[in-house]
Amino acid sequence: MDIVYKNKRNLVEAVVGPNDTVLEVGFWGQTAPPDKPGSLHRILIEKARAVYGIDCDFDENVLSTMNDVTHYLRADVEEFVFADMKFDVIIASELIEHLSNPGRFLDACTRHLSTTGKLVLTTPNCFNFFSITGKFMHREPYVSADHTCYFNEPTLRTLLRKHELGIASVDYIHALDMPHKVSIKQKLLNALYGILVITTPKYAETLVVIAKKL
C-alpha cells in the first residue's frame, strides 16, 4: 500500500536511522536554507549520526554554526566525487528535475552508496492533481522555469535501472510545505486535493522513490 507522508520530516523519520551516515545532494536548497528551522538539512542533522552535503555553492559561515564544515563539498552534483566516502542514505530532494544529465548524477550516487545503502529521491509527480487540473484550465500546467523534465514511476524505474539501481518503494508526499498566498480558486483546489489524496495517493504532489543497488 502506498504511503503518503505528510511532509519531509515524516519522510526522514521513516527512512533515516540514528546510526546512518547521510549525504544530501543539493542541500543548499531553493526555498529553505539549511540553517532555517524545519529545513530538510537541519532535520537530517537532528536525526542521523553524521550528515554531509554537496552543492555547487554555499556559505561556509552559515554551515559552521550547524555542522562540521569539512562535511561539505562544492561540486557539480552530476559528477561529484566525495573522497572515498560511502553513505547509508543519499537523499536528493526536488533536484533531479533540474538536471541536464540525470543519468550522470545517478552514476555518482551509485558510486557513493554503501552495499545496503538507499538513494531517496523526491520529485514533482508529473500526473499530480494540480498538473491535471492545470491542463484543463490552460494550454499547459505551470512549469518552473528551471525544470528540465518531469517524472512518473515508469520513467524513473527505467532511468534508475540503466544506472544499476532498482526501486525498492514508490510513495508520496502530500505537500511541500511552501507557505505562500493563494487565491480563493486555489484554496478550493487545495481543499479538493486534500480530500482526493486521502483516498487516491497517485494524485499527490510529490513522488518519493527509494532505490538500492541492483
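The values are calculated or read from the model by the stated rules, or taken from the named source; none is laboratory data. Here the structure is a predicted model, which is why all the values come from computation and not from measurement. A quick note on method: Cβ atoms are made from the backbone with ideal geometry, for glycine too, and the neighbour counts reach across all protein chains shown.
For this structure, a couple of remarks:
- Candidate set: region 195-214, residues that are among the β-branched types (Val, Ile, Thr) and surrounded by fewer than 17 Cβ atoms within 10 Å (Cβ to Cβ); chosen: the one nearest to residue 174 (Cα to Cα): 198
- Where a residue in region 75-91 is surrounded by fewer than 21 Cβ atoms within 10 Å (Cβ to Cβ) and its partner, wherever it lies, is of a type in the set (S, T, N, Q) and at pLDDT 95 or above, with Cβ under 6 Å and at least six apart: 78/101; 86/114; 88/21; 88/114
Condition check ((1) more than 22 Å from residue 108 (Cβ to Cβ); (2) at pLDDT 95 or above) across all residues:
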residue: 33; (1), (2): yes, no
residue: 47; (1), (2): yes, yes
residue: 53; (1), (2): no, yes
residue: 73; (1), (2): no, yes
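- Residue that is part of a helix (DSSP H, G or I) and within 26 Å of residue 167 (Cα to Cα), where the choices are 78, 97, 24: 97
- Among residues of region 158-194 being at pLDDT 95 or above and of a type in the set (Lys, Arg), the one that is surrounded by the most Cβ atoms within 10 Å (Cβ to Cβ) is 161.
- When residue 154 is tested against the conditions (1) farther than 26 Å from residue 27 by Cα; (2) surrounded by 13 or more Cβ atoms within 10 Å (Cβ to Cβ); (3) under 19 Å from the mean Cα position of the chain (by Cα), the lone failure is (2).
- Any hit, region 93-108, residues being farther than 16 Å from residue 26 by Cα, surrounded by 20 or more Cβ atoms within 10 Å (Cβ to Cβ) and in contact with an Asp or Glu (Cβ under 6 Å, 6 or more places away or on another chain): no
- Once region 47-68 is narrowed to residues that are surrounded by 19 or more Cβ atoms within 10 Å (Cβ to Cβ) and without any contact (Cβ under 8 Å) to a residue 40 or more places away in the chain, the residue that is farthest from residue 17 (Cα to Cα) is 58.
- Among the residues of region 1-21, the ones that are of a type in the set (D, E, K, R) and not in a loop (DSSP other than H, G, I, E, B) come to 3 in all.
- Only residues that are at negative phi and part of a loop (DSSP other than H, G, I, E, B) were counted across region 27-52, and they come to 13.
- Of the listed requirements (1) over 18 Å from the mean Cα position of the chain (by Cα); (2) under 20 Å from residue 91 (Cα atoms), residue 148 misses just one: (1).
- Looking only at region 1-19, and only at residues there that are farther than 17 Å from residue 168 by Cβ, at pLDDT 95 or above and of a type outside the set (S, T, N, Q), the one that is surrounded by the fewest Cβ atoms within 10 Å (Cβ to Cβ): 18
- Evaluation of residue 14 against the conditions (1) within 28 Å of residue 144 (Cα to Cα); (2) in contact with a Phe, Trp or Tyr (Cβ under 8 Å, 6 or more places away or on another chain) shows that the sole unmet condition is (1).
- Residues that are over 21 Å from residue 174 (Cα atoms) and loosely packed, with under 15 Cβ neighbours inside 10 Å do not occur anywhere in region 20-31.
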